[in-house]
Amino acid sequence: MRKMVWRHTDAETPVRRGADGQFYVAARDVTAMLRDMARTFDLQARSGESAWTVDGEAAPSPLDEATMRTVASILRAQADEMDVQLIAIADEHRFD
């Protein structure tokens, strides 16, 4: 079994610090990361050889295909819902 590894496809996801001291990430980068994670779960589900190693445990736990596809589906749904909400917010605050 292979250990599941997630890697974001973009080299960088810009993080900025606002005047209030908080850190901010562009919404499009967040939705892209969610979709990349979903793709990773789908690819790993297809391979049938995925496992997750919990910190402190020696043996990896196998991940079943149905669960991995469900997680991928949830991540995509979250990204889609975020896009819908952001479009609605953008429409409310148009600069005419």
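The values are calculated or read from the model by the stated rules, or taken from the named source; none is laboratory data. Here the structure is a predicted model, which is why all the values come from computation and not from measurement. So basically every Cβ, Gly included, is an ideal-geometry build from the backbone, and we count neighbours across all protein chains shown. Ligands, DNA and RNA are excluded from the accessible area calculation, which covers all protein heavy atoms including side chains. Shrake-Rupley method; radii C 1.70, N 1.55, O 1.52, S 1.80 Å.
Output the residues belonging to the range 44-57 that are aliphatic (A, V, I, L, M) and surrounded by fewer than 14 Cβ atoms within 10 Å (Cβ to Cβ).
Listed by number, the list holds a single entry, 54.
In the range 13-43, how many residues are aliphatic (A, V, I, L, M), open to solvent by 100 Å² or more (accessible area, probe 1.4 Å) and modelled with pLDDT under 90? It would help to see each step written out before you state the result.
Of all residues in the range 13-43, those aliphatic (A, V, I, L, M) come to 15, 19, 25-27, 30, 32-34, 37-38, 43.
Now narrow it down to the ones that are open to solvent by 100 Å² or more (accessible area, probe 1.4 Å): 19, 43.
If we keep only those that are modelled with pLDDT under 90 too, we end up with 43.
So the answer is 1.
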Report task. Please identify the pairs in which a residue from the range 71-82 that is within 12 Å of residue 37 (Cα to Cα) has its Cβ atom under 6 Å from the Cβ atom of a residue that is open to solvent by less than 60 Å² (accessible area, probe 1.4 Å) and not small (Gly, Ala, Ser), counting only partners at least 6 apart or on another chain. Result -> 71/41; 72/41; 72/42; 75/34; 75/37; 78/34; 79/31; 79/34
Report summary line: Those residues of the range 58-90 that are open to solvent by 70 Å² or more (accessible area, probe 1.4 Å) and not in a helix (DSSP H, G or I) come to a total of 3
